[in-house]
Amino acid sequence: MSSLRLEIITPENVRAACRVAVAPEQNAFVAPVPVSLAEAYAYGDRAWPRLVMDGDQAVGFVMAGIDPAAENENHRYGIWRLNVDAAHQGKGYGRFAIGEVLAELRRRGARRATVSWIEGDGGPRDFYLKLGFTPIGEDGGETVGEIALD
């Protein structure tokens with residue numbers, strides 16, 4: 001995994017990003033990448049979408065939300081999306097992507113980060129808990145977790 005990196009979404013790689021697809025049973029837990037890219041466009045500078053690359057292969061997509069002035073503290077610095085392609089799950093790509101997002105949030109002055117997830121069998125709860133997120137409540141029907149970045 002020495003060739004792992006996050007790339008900015010560009011005209012050259014946007015189609016590869018749109019081909020990243022989670023397993024069918026995970027579709028209930030995360031929006032598809034094309035929807036996330038449309039939201040990134042709509043949110044402008046508050047969205048931080050990136051393609052997860054291993055060498056020349058797109059293996060995932062991650063998007064952070066960065067809005068230090070947000071009224072709701074849980075919406076200031078967070079992980080909005082994580083999609084690891086079904087063929088590439090279980091190889092550490094998700095852990096890598098979240099680690100890179102948290103490093104970026106630290107660089108931007110965040111002292112904590114949040115993520116939200118839909119509860120259910122096959123959902124991402126255990127993944128985020130293993131990474132150190134702690135559930136702190138609910139927002140819009142989703143569980144909110146936080147992690148300290150100090």
From the options ALA70, ALA47, ALA103, residue that is modelled with pLDDT under 95 and either within 15 Å of the chain's Cα centre (by Cα) or of a type in the set (A, V, I, L, M) (or both): ALA70
Quick one: would you say TRP80 is outside any loop (DSSP other than H, G, I, E, B) and in contact with a Ser or Thr (Cβ under 9 Å, 6 or more places away or on another chain)? yes
I need the full set of residues from segment 29-52 which are part of a strand (DSSP E or B) and β-branched (Val, Ile, Thr), in order please. VAL52
Give segment 94-132 a look and list any residue that's of a type outside the set (Val, Ile, Thr), under 20 Å from PRO68 (Cα atoms) and not in a helix (DSSP H, G or I), or say none. ARG108, GLY109, ALA110, ARG111, ARG112, ALA113, SER116
Output the qualifying pairs, or none if there are none: Cβ atoms under 8 angstrom, residues six or more apart or on different chains, first residue in segment 42-67 and free of Cβ contacts under 8 Å to residues at least 40 places away in the same chain, second residue of a type in the set (Lys, Arg) and not in a loop (DSSP other than H, G, I, E, B). MET63/ARG50; MET63/ARG81; GLY65/ARG46; ASP67/ARG46
For segment 25-42, state whether one or more residues are surrounded by 16 or more Cβ atoms within 10 Å (Cβ to Cβ), within 21 Å of ALA110 (Cα to Cα) and at pLDDT 95 or above. yes
Enumeration of residues in segment 12-28 that are out of contact with any Gly (no Cβ under 9 Å at 6 or more places or on another chain), among the small types (Gly, Ala, Ser) and either part of a strand (DSSP E or B) or over 23 Å from ASP67 (Cβ atoms) (or both): ALA16, ALA21
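The values are calculated or read from the model by the stated rules, or taken from the named source; none is laboratory data. The structure displayed is predicted, hence computed values, not measured ones. Cβ atoms come from the backbone with ideal geometry, glycine included; neighbour counts cover every protein chain shown.
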